[in-house]
1. Do you know which of the residues in the stretch 54-72 that are among the small types (Gly, Ala, Ser) and surrounded by 13 or more Cβ atoms within 10 Å (Cβ to Cβ) is farthest from Arg15 (Cα to Cα)?
2. Among all residue pairs at least 6 apart or on different chains, which show Cβ distances below 6 Å where the first residue, located in the stretch 69-80, is farther than 15 Å from Glu96 by Cα and the second is of a type outside the set (S, T, N, Q) and open to solvent by less than 80 Å² (accessible area, probe 1.4 Å)?
3. When you check Ser80 against the structure, is it at pLDDT 90 or above, under 17 Å from the mean Cα position of the chain (by Cα) and surrounded by fewer than 10 Cβ atoms within 10 Å (Cβ to Cβ), yes or no?
4. Please name all residue pairs, on different chains or six or more residues apart, with Cβ atoms under 7 Å, provided the first residue is in the stretch 1-13 and is over 14 Å from Ser43 (Cβ atoms) and the second residue is acidic (Asp, Glu).
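The values are calculated or read from the model by the stated rules, or taken from the named source; none is laboratory data. Predicted model, so just to flag it, every value in this text is computed and none were measured. Cβ sites come from the backbone with ideal geometry, for glycine too, and all protein chains shown count toward neighbours. The protein model used for the area step is the full one, side chains on, heavy atoms only, and it has no ligands, DNA or RNA in it. Shrake-Rupley method; radii C 1.70, N 1.55, O 1.52, S 1.80 Å.
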Amino acid sequence: MLNTTLPRLRCPSCREALHLASASKKSGSAELFEVTSGELECSDCRQRFPILAGVAILVPDPREYILSHVKGIAQVVPDSEVPKSVRRDYLAAKSEIEAGHIEDCLLYTSPSPRD
């Protein structure tokens, strides 16, 4: 997400402006840079919204969103960039998905043909 997008972003709960609370930035000039991860904070209600893989997660309940989209998020976001407030539950959900995938592969493997 380019930093020039920030003035247009609004809190989904109270519609107030958001500001960058923390960020990892990709190279660029001081005026124009890409925010790859971090958090946005509402200037009014103080709710925080994560930025994952350059995408601001602007939903009323970011925690629920992250936990319900673990499979997709895990493909593009390193575990260290998942917000600390949800990371433990995220990692638990991710390990369940990985274990479930292995079990599915074992259960649905077709037997080899016999001569």
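1. Filtering the stretch 54-72 for residues that are among the small types (Gly, Ala, Ser) and surrounded by 13 or more Cβ atoms within 10 Å (Cβ to Cβ), the one farthest from Arg15 (Cα to Cα) comes out as Gly54.
2. Filtered contacts from the stretch 69-80: Val76/Ala53; Val77/Leu52; Val77/Ala53.
3. Working: at pLDDT 90 or above: yes; under 17 Å from the mean Cα position of the chain (by Cα): yes; surrounded by fewer than 10 Cβ atoms within 10 Å (Cβ to Cβ): yes.
Yes: the conditions hold for Ser80.
4. Sorted first by the residue in the stretch 1-13, then by its partner, the pairs are Met1/Glu34; Leu2/Glu34.
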